[in-house]
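Undergrad: Structure in structure tokens, see below.
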Amino acid sequence: MNTILIADDDIAIRRTLELHLTEEGYSVVTAANGPNAVEVALEKEIDLMLLDLRLSGMDGFEVLGQVKERRPELPVVMITAYDDMQTAIEAIRLGAIDHLGKPVDLDHLDQVIAKIFDMSALARKGVTFCDSADPPFEQNIMVGRSRSMKEVYKTIGAVADSRATVLIQGESGTGKEMVARALHFNSSFRNRPFIAVACASLAPSLLESELFGHERGAFTGAHRTKPGKFELAQGGTLFLDEISETSPEIQVKLLRFLQEREFERVGGVETLKADVRVIAASNKELSALANAGEFRKDLYYRLNVVTLFLPPLRERRDDILLLVKFFLGKMREETGKSVELVTQETLTMLQEHSWPGNVRELENTIRRAVLLSHGNILLPESLHLEGEKEQERLALTIRPLHEVEREHIENVLIYTGYEKKRAAEILGISRPTLDRRLKEYGLE
């Protein structure tokens, strides 16, 4: 039985929540002030904390900070009458997993609690979701404490055991395959196959054979019958990466499989069935492609049962330090080379970079920096961020418009031997206009 701590100095609210959550089957303990809330959270086996912002003795933010410092894994939901943006941002920044306003909607609270415990169960089953300040390096770990990443964790926890089709949308390098693996390896069918297919890397004819298999003699070079990925993934998961790149013919076959769970091999007549969960991913907006007629709408609707949007790294910059720490640990495990310190200048550069390649680009940057570093400090000169040199070059050439115009007029005058009539013709302006410019720029 999960235990929930209610920390609120209003006895009526405390009692209402206690009665409701007890009826829902939870074990409940309470605290009436800040110091008592910290004591209970740290000394008892608590699975979730509902924390009021306005507490006597110590406000909710102070309680949250102290609890998260000692028990970073404990989920905390902040509850406050001040349901404004700044309060929400500060609560999430300090480590709260969610933020609810007063009066508390009990149905909504039940949904939030259920999702949190789903996420906790998911973490215990396999893939770790790390939102602590010092992430350990482990295999199959998703790192992030930003609000957007916690929403991703919640969705994974909610649908992992479902056989429903999942569509993962996000830019290249955001970790779509990692999410697909998390969905599979934390499901009840995790001992069944997980097979990934990069749809963009194969020609349409090869992709069709790869997915559905082919019969002997179906085409030149088909010397034997070959089962496709749908057959090989029986009972498990088939991950279709960059599904937007599939041809219309393959889209028709995929649609039929999702509707009927059946298909034929290339060159075959026998109808085969497979119990396979399909997870698709795309770095393009499939709804926009469908509306533009570049992707089948009916297939899009079949794929769009559950959709996960992965945020680009530039939209979750608060996770960058966490990711840097994680990748430094990963490099230590892989190479034996230990880089323990990150200078403030280095961190500033990492946080200000646009990261068009997202988390994958950050990992490669850290890998290269560790290999090039001398000693145990990550210095700015080791980063070699793409685009920096181009930005520096542009910074040197970017000048006010009047300076560029003055220089150009002077160059044209030199070219024409100071023949104003010809210079005006080349510049595409009248002679009086040129005279005004010469006077304005002191070129007379």
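Undergrad: What are the residues in the range 171-183 that are open to solvent by less than 10 Å² (accessible area, probe 1.4 Å) and at pLDDT 90 or above, if any?
TA: Within the range 171-183, Gly173, Val179, Ala180 qualify.
Undergrad: Which of (1) out of contact with any Asp or Glu (no Cβ under 8 Å at 6 or more places or on another chain); (2) surrounded by 15 or more Cβ atoms within 10 Å (Cβ to Cβ) does Ala31 not meet, given it meets every other one?
TA: Of the numbered conditions (1) out of contact with any Asp or Glu (no Cβ under 8 Å at 6 or more places or on another chain); (2) surrounded by 15 or more Cβ atoms within 10 Å (Cβ to Cβ), the odd one out for Ala31 is (1).
Undergrad: Tell me which of these Met49 doesn't satisfy, since it passes every other one: (1) at pLDDT 80 or above; (2) in contact with a Pro (Cβ under 8 Å, 6 or more places away or on another chain); (3) farther than 27 Å from Asn36 by Cα; (4) among the hydrophobic types (A, V, I, L, M, F, W, C).
TA: It is condition (3) that Met49 fails.
Undergrad: With the requirement that a residue be outside any strand (DSSP E or B) and small (Gly, Ala, Ser), what does the range 171-199 give you?
TA: Ser172, Gly173, Gly175, Ala180, Ala182, Ser187, Ser188
Undergrad: I would also like to ask the following. On the basis of being in contact with a strand residue (DSSP E or B) (Cβ under 7 Å, 6 or more places away or on another chain), within 19 Å of Ala164 (Cα to Cα) and either loosely packed, with under 14 Cβ neighbours inside 10 Å or not charged (D, E, K, R) (or both), does Ala280 make the cut?
TA: Yes, satisfied.
Undergrad: Across the range 240-281, which residue is farthest from Glu215 (Cα to Cα) among those that are part of a helix (DSSP H, G or I) and aliphatic (A, V, I, L, M)?
TA: For the range 240-281, the residue satisfying everything is Ile243.
Undergrad: Could you tell me whether any residue of the range 201-208 is under 29 Å from the mean Cα position of the chain (by Cα), within 23 Å of Arg163 (Cα to Cα), touching a residue at least 24 places away in the same chain (Cβ under 8 Å) and surrounded by 16 or more Cβ atoms within 10 Å (Cβ to Cβ)?
TA: Looking for residues that are under 29 Å from the mean Cα position of the chain (by Cα), within 23 Å of Arg163 (Cα to Cα), touching a residue at least 24 places away in the same chain (Cβ under 8 Å) and surrounded by 16 or more Cβ atoms within 10 Å (Cβ to Cβ), one finds none in the range 201-208, hence no.
Undergrad: While we're looking at this one, here's another question. For the range 404-419, give me each residue that is within 14 Å of Arg436 (Cα to Cα) and either open to solvent by less than 50 Å² (accessible area, probe 1.4 Å) or aliphatic (A, V, I, L, M) (or both).
TA: Answer for the range 404-419, where residues must be within 14 Å of Arg436 (Cα to Cα) and either open to solvent by less than 50 Å² (accessible area, probe 1.4 Å) or aliphatic (A, V, I, L, M) (or both): just Ile409.
Undergrad: Just give me the residues in the range 209-225 being of a type in the set (D, E, K, R) and open to solvent by less than 50 Å² (accessible area, probe 1.4 Å), in sequence order.
TA: Glu210, Glu215
Undergrad: Separate question: Enumerate the pairs (first residue in the range 428-444 and polar (S, T, N, Q); second residue anywhere and not in a loop (DSSP other than H, G, I, E, B)) with beta-carbon separation below 8 Å, excluding pairs fewer than 6 apart on the same chain, so at least 6 apart or on different chains.
TA: Cβ pairs passing all conditions: Ser430/Ala424; Thr433/Ala424.
Undergrad: In addition: Identify all residues within the range 420-436 that are of a type in the set (D, E, K, R) and surrounded by 11 or more Cβ atoms within 10 Å (Cβ to Cβ); write none if there are none.
TA: Lys420, Arg422, Glu425, Arg431, Asp435, Arg436
Undergrad: Collect the residues in the range 63-75 that are modelled with pLDDT of 90 or more, touching a helix residue (DSSP H, G or I) at 6+ places or on another chain (Cβ under 6 Å) and within 19 Å of Thr3 (Cα to Cα), keeping them in residue-number order.
TA: Result: Val63, Val67.
Undergrad: Kindly provide the set of residues from the range 226-241 that are open to solvent by 30 Å² or more (accessible area, probe 1.4 Å) and in contact with a strand residue (DSSP E or B) (Cβ under 7 Å, 6 or more places away or on another chain), ordered by number.
TA: Lys226, Pro227, Lys229, Glu231, Leu232, Asp241, listed by residue number.
Every residue, every condition in (1) in contact (Cβ under 8 Å) with a residue 40 or more places away in the chain; (2) within 26 Å of the chain's Cα centre (by Cα), yes or no:
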{"residue": "Glu210", "(1), (2)": "no, no"}
{"residue": "Thr220", "(1), (2)": "no, no"}
{"residue": "Leu255", "(1), (2)": "yes, no"}
{"residue": "Leu258", "(1), (2)": "yes, no"}
{"residue": "Arg265", "(1), (2)": "yes, no"}
{"residue": "Lys273", "(1), (2)": "no, no"}
{"residue": "Tyr300", "(1), (2)": "no, yes"}
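Undergrad: Also, I was wondering about something else. Could you please find all residues in the range 35-62 being over 16 Å from Ile4 (Cα atoms), part of a helix (DSSP H, G or I) and of a type outside the set (Phe, Trp, Tyr)?
TA: Correct list: Pro35, Gly60, Glu62.
Undergrad: Now a separate question. Could you check the range 368-401 and list, in sequence order, the residues that are in a helix (DSSP H, G or I), modelled with pLDDT under 80 and within 27 Å of Leu310 (Cα to Cα)?
TA: Glu388
Undergrad: Being touching a Leu at 6+ places or on another chain (Cβ under 6 Å), among the hydrophobic types (A, V, I, L, M, F, W, C) and without any contact (Cβ under 8 Å) to a residue 60 or more places away in the chain is the requirement here; does Met1 meet it?
TA: In short, no.
Undergrad: What is the residue count in the range 145-164 for residues that are outside any loop (DSSP other than H, G, I, E, B), small (Gly, Ala, Ser) and surrounded by 23 or more Cβ atoms within 10 Å (Cβ to Cβ)?
TA: So the answer is 1.
Undergrad: Only one of Gly329, Gly336 is closer than 30 Å to Gly157 by Cβ and surrounded by fewer than 19 Cβ atoms within 10 Å (Cβ to Cβ). Can you tell me which?
TA: Gly329
Undergrad: Pairs please, first residue from the range 46-67 and open to solvent by less than 10 Å² (accessible area, probe 1.4 Å), second anywhere and assigned to a strand (DSSP E or B) and charged (D, E, K, R), Cβ atoms under 6 Å, 6+ apart in sequence or on different chains.
TA: These pairs meet every condition: Gly60/Asp52.
Undergrad: Take Val324 and decide whether it is in contact (Cβ under 8 Å) with a residue 40 or more places away in the chain, surrounded by 14 or more Cβ atoms within 10 Å (Cβ to Cβ) and among the hydrophobic types (A, V, I, L, M, F, W, C).
TA: Answer is yes for this residue.
The values are calculated or read from the model by the stated rules, or taken from the named source; none is laboratory data. It should be emphasised that the depicted structure is a prediction, and the values quoted were computed from it without experimental measurement. We place every Cβ from the backbone using ideal geometry, glycine too, and count neighbours over all the protein chains shown. The area values use the complete protein model at the heavy-atom level, side chains included, leaving out ligands, DNA and RNA. Shrake-Rupley method; radii C 1.70, N 1.55, O 1.52, S 1.80 Å.
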